[in-house]
Amino acid sequence: MAYVINDTCISCGACEAGCPVGAISQGDDRYVVDAGTCIDCGACASNCPVGAPVQE
Ligand code: SF4
Ligand code: SF4
């Protein structure tokens, strides 16, 4: 049950900076979560200004 970043992402980078395990990186049109690294802590959802990270 990793988090995923939906298409409302504005590529601000706040989630990447706050992820404790480095699971988030910048993709072509939004930031992306590596599902195998994400530990479901929820920090990205809390840090995001637009609510783009959601739990699958
Ligand atoms: Fe990183 Fe936590 Fe978001 Fe997973 S839920 S991508 S571990 S901040
Ligand atoms: Fe995108 Fe939200 Fe991450 Fe900013 S914090 S890069 S808007 S998912």
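Side notes on the structure shown:
- Within the stretch 26-39, tally of residues that are surrounded by 13 or more Cβ atoms within 10 Å (Cβ to Cβ) and not β-branched (Val, Ile, Thr): 4
- Matching residues, the stretch 35-56, being near ligand 1 (Cβ under 8 Å from one of its atoms) and part of a loop (DSSP other than H, G, I, E, B): Thr37, Cys38, Ile39, Asp40, Cys41, Gly42
- Test: residue in the stretch 24-34 that is over 8 Å from the mean Cα position of the chain (by Cα), near ligand 1 (Cβ under 9 Å from one of its atoms) and of a type outside the set (Val, Ile, Thr): yes
- Qualifying residue in the stretch 16-26 (condition: modelled with pLDDT of 95 or more, more than 9 Å from ligand 2 (Cβ to nearest atom) and closer than 14 Å to Met1 by Cβ): yes
- Check on Ser11, near ligand 1 (Cβ under 10 Å from one of its atoms) and surrounded by 11 or more Cβ atoms within 10 Å (Cβ to Cβ): no
The values are calculated or read from the model by the stated rules, or taken from the named source; none is laboratory data. Since the model is a prediction, treat every value here as computed from it, not as a measurement. Neighbour counts are summed over all protein chains in view; Cβ atoms, including those assigned to glycine, are modelled from backbone coordinates with ideal geometry.
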